[in-house]
1. Given (1) exposed (fewer than 11 other Cβ atoms within 10 Å of the Cβ); (2) assigned to a helix (DSSP H, G or I), identify the lone condition not met by Arg25.
2. Among the residues of segment 30-71 satisfying the criterion of being assigned to a helix (DSSP H, G or I) and charged (D, E, K, R), which is farthest from the chain's Cα centre (by Cα)?
Amino acid sequence: MNIPDYSMFSDQGNLAVHGIVIAARQAQLNWSQVYAALSSLARQCPDECGEATDTAVRECVYDTLEFTKSFYGE
């Protein structure tokens, strides 16, 4: 399985974020819901995924999910 690079610090982190991306597509989540999932991941796994809310990660996820509304305002 080829996991995209979401700018996480580890392959494990990229895999966790990829799971959020897949779930977001299936459930047709909006950006606020996706951001909440990234925040939850960062809180629940601070040592492995604390950077899940970093700007670089958020931008990768946002672009991957092809959102078009304001990055900060949905």
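1. (1)
2. Residue satisfying both the conditions and the ranking: Asp47.
Readers should treat all values here as calculations from the given coordinates under stated rules, not as data from a laboratory. Keep in mind that what you see is a predicted model, and the values were worked out from it rather than measured. Quick reminder, even Gly has a Cβ in these numbers, built from the backbone with ideal geometry, and neighbours come from all protein chains shown.
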